[in-house]
Amino acid sequence: MIKQEIYDEVQDLEVLCQRVCRTLWNHPELSGKEKNSADYMREILSKEGFAIENNNYLEHAFLAEYGSGKPVIAFLGEYDALPELSQKACTHKEAVQEGAPGHGCGHNMLGAAAITAAVAIRRFLEKEKISGTVRFYGCPEEELLSGKVKMAYYHMFDGCDAAITWHPSNTNMTHNKGYLANASAHFYFKGISAHAAFAPEQGRSALDAVELMSVGSNYLREHVIDKTRIHYSTDGGGFAPNIVPDKANAWYFVRAPHMSDVKSTMERLKKIAQGAAMMTETQVDIKMGCGCCEFSENVAFADLAYANLIEADGPKYTKEELSFAKELQKTVEKGIIEKEKNLHQVYNEAMIFGVSPRDQWKECELTASSDTGDVSRIMPACLFTTACWPIGCSPHTWQAASSAGTTIGEKGAFYASKVAAGIAYDLFTKPQLLEKITKEFKERNNETYSPMYEES
Ligand SMILES: [Zn+2]
């Protein structure tokens, strides 16, 4: 048994990886509405001999499993798209369909690589008669930061020993830890409606409360730990200027490096909301949304991911692909490109070749949030990225959506499937690696985990 066997299995699945990338990209579905994407993935895995387990409460989540006994190694596949990011695979901004969703975070590639690695490992386990279980998790609603939190709430991750996760990016890199923890809350203010000119003294404005809450929360910013993020929007603030609004809402996110900081800041934000209600003689109802944890550190697992990034063959781009990447890059602000070029010391090409140094993740901190963080609190998890779009391009943009629909994205995904399968191969065949990773996980995660989710 040699490691080349697993790379050969992945190689046999290159067409599958490309097909999944392309199919999901051609049919982008929003978070919570990924019916066709989830069904498509279920069908592939079921044909490959995986047993599919669905969740009655979470329609587009599923667990596909093959094998028996320990270890139980999981791949996480996402497939949701983003609103308003419909984009053709071209070097200028042009929607396939105006206002439609698009794969601006590359989750088409994310799902494709994870499914390719899972199928390759399934075939390898069968061929070599190795005991153990491979799981593929169909994970919806990542963009709402809620899918895996709900899956954790319904105990879908129980019994797993390790999770292999990755994300499309512009670098080939391993992260020891990352992502900010996040909590979401809706504040519903209720006042008294009145004619704004005829009888203003009789009105109590819910919109005033929303505004005063914004003022309060902006003063709060100075007195929270560094890296805390507070953002808000409103989806309701009255109907017309001549009616004192009796209803107004605010929706807040609070993020910080640790969930404990998020929770304490959220408690202070609730006090601000109550203060705003008191000042305006209105009432406030607070409804907590889903929250997700930061990605828990595991150095041993990140070391293994790094070794596999080095070991697997990275993409070789054609001249056409490199000139496409250069054209796409020209649409990004020059300062950002220069900064990233200097950081990665890549000056001639628009795509990154090779693997970033082991510790470079510290300069490329992941300041977004992901529900993958919750998985990393339940079991050891690793997180790596591969280059799927040009240097300077960022996720959640039309440039990323464009690249995700090209062979550049497909090559990045295929590389990721080799890396993911290589990591799983090591975990299945070298038990001492999983022991070390599990030991570190237990040492670092002594707080009890509970998913931040309430059924409505
Ligand atoms: Zn994403």
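The values are calculated or read from the model by the stated rules, or taken from the named source; none is laboratory data. A quick note: this is a predicted structure, and the numbers were derived from the prediction, not measured. Neighbour counts are summed over all protein chains in view; Cβ atoms, including those assigned to glycine, are modelled from backbone coordinates with ideal geometry.
So, of the residues in the range 145-162 that are of a type in the set (Gly, Ala, Ser) and either within 16 Å of the ligand (Cβ to nearest atom) or part of a helix (DSSP H, G or I) (or both), which turns out to be nearest to residue 182 (Cα to Cα)? Applying the filter and picking the extreme gives 146.
Note on the range 390-400: residues that are buried (at least 24 other Cβ atoms within 10 Å of the Cβ) and either within 12 Å of the ligand (Cβ to nearest atom) or of a type in the set (Lys, Arg) (or both) total 1.
Within the bounds of the range 362-369, is there any residue that is touching a helix residue (DSSP H, G or I) at 6+ places or on another chain (Cβ under 8 Å) and crowded, with 19+ Cβ neighbours inside 10 Å? Talk me through it step by step, then tell me what you get.
Quick first cut of the range 362-369, residues touching a helix residue (DSSP H, G or I) at 6+ places or on another chain (Cβ under 8 Å) only: 363-364.
From what's left, crowded, with 19+ Cβ neighbours inside 10 Å: none.
Checked against the condition, which is being touching a helix residue (DSSP H, G or I) at 6+ places or on another chain (Cβ under 8 Å) and crowded, with 19+ Cβ neighbours inside 10 Å, the range 362-369 yields no hits at all.
When residue 142 is tested against the conditions (1) away from the ligand (no atom under 16 Å from the Cβ); (2) more than 18 Å from residue 304 (Cβ to Cβ); (3) among the acidic types (Asp, Glu), the lone failure is (1).
Restricting attention to the range 342-351, does a residue exist that is part of a helix (DSSP H, G or I), polar (S, T, N, Q), free of Cβ contacts under 8 Å to residues at least 24 places away in the same chain and farther than 30 Å from residue 231 by Cα?
Filtering the range 342-351 for residues part of a helix (DSSP H, G or I) gives 342-344.
Imposing the further condition that a residue be polar (S, T, N, Q) reduces the set to 342.
Applying the additional criterion that residues be free of Cβ contacts under 8 Å to residues at least 24 places away in the same chain yields 342.
Next cut, farther than 30 Å from residue 231 by Cα only: 342.
The answer is yes, given that some residue of the range 342-351 is part of a helix (DSSP H, G or I), polar (S, T, N, Q), free of Cβ contacts under 8 Å to residues at least 24 places away in the same chain and farther than 30 Å from residue 231 by Cα.
For the range 75-89, the condition holds for at least one residue, the condition being that it is touching a residue at least 60 places away in the same chain (Cβ under 8 Å), under 22 Å from residue 419 (Cα atoms), away from the ligand (no atom under 14 Å from the Cβ) and in contact with a helix residue (DSSP H, G or I) (Cβ under 7 Å, 6 or more places away or on another chain). Per the conditions (1) under 30 Å from residue 183 (Cβ atoms); (2) buried (at least 24 other Cβ atoms within 10 Å of the Cβ), the sole criterion not satisfied by residue 117 is (1).
The residue pairs whose first member lies in the range 217-233 and is without any contact (Cβ under 8 Å) to a residue 12 or more places away in the chain and of a type outside the set (Ser, Thr, Tyr), whose second member is surrounded by 11 or more Cβ atoms within 10 Å (Cβ to Cβ) and not in a loop (DSSP other than H, G, I, E, B), and whose beta carbons are closer than 7 Å, counting only pairs six or more residues apart or on different chains, are 221/230.
Residue 408 meets the conditions (1) away from the ligand (no atom under 14 Å from the Cβ); (2) modelled with pLDDT of 95 or more; (3) more than 30 Å from residue 259 (Cα to Cα); (4) in contact with a His (Cβ under 9 Å, 6 or more places away or on another chain) in every case but one. The failed one is (4). When the residues of the range 355-384 are filtered to those that are assigned to a helix (DSSP H, G or I), modelled with pLDDT under 95 and not basic (Lys, Arg), the one that is nearest to the ligand (Cβ to nearest atom) is 361.
Can you name the residue in the range 166-190 that is in contact with a Gly (Cβ under 7 Å, 6 or more places away or on another chain) and more than 15 Å from the ligand (Cβ to nearest atom) and is also nearest to residue 239 (Cα to Cα) among such residues? Ranking the qualifying residues of the range 166-190, first place goes to 186. Quick check on my filter: what residues within the range 174-186 are part of a strand (DSSP E or B) and in contact with a helix residue (DSSP H, G or I) (Cβ under 6 Å, 6 or more places away or on another chain)? Within the range 174-186, 174, 175, 181, 183 meet the criteria.
Within the range 136-155, identify whether any single residue is more than 16 Å from residue 371 (Cα to Cα) and aliphatic (A, V, I, L, M), and answer yes or no. Scanning the range 136-155, I find no residue that is more than 16 Å from residue 371 (Cα to Cα) and aliphatic (A, V, I, L, M), so the answer is no.
If you filter the range 325-354 down to residues that are over 16 Å from residue 397 (Cβ atoms) and in contact with a Ser or Thr (Cβ under 7 Å, 6 or more places away or on another chain), you find that the one that is modelled with the highest pLDDT is 352.
Restricted to the range 106-134, and to residues there that are of a type outside the set (A, V, I, L, M) and outside any helix (DSSP H, G or I), the residue that is nearest to the ligand (Cβ to nearest atom) is 106. Among residues of the range 363-374 that are closer than 22 Å to residue 74 by Cβ, those with a beta-carbon under 6 Å from a residue that is among the polar types (S, T, N, Q) and more than 13 Å from the ligand (Cβ to nearest atom) at least six positions away or on a different chain give the pairs 369/182.
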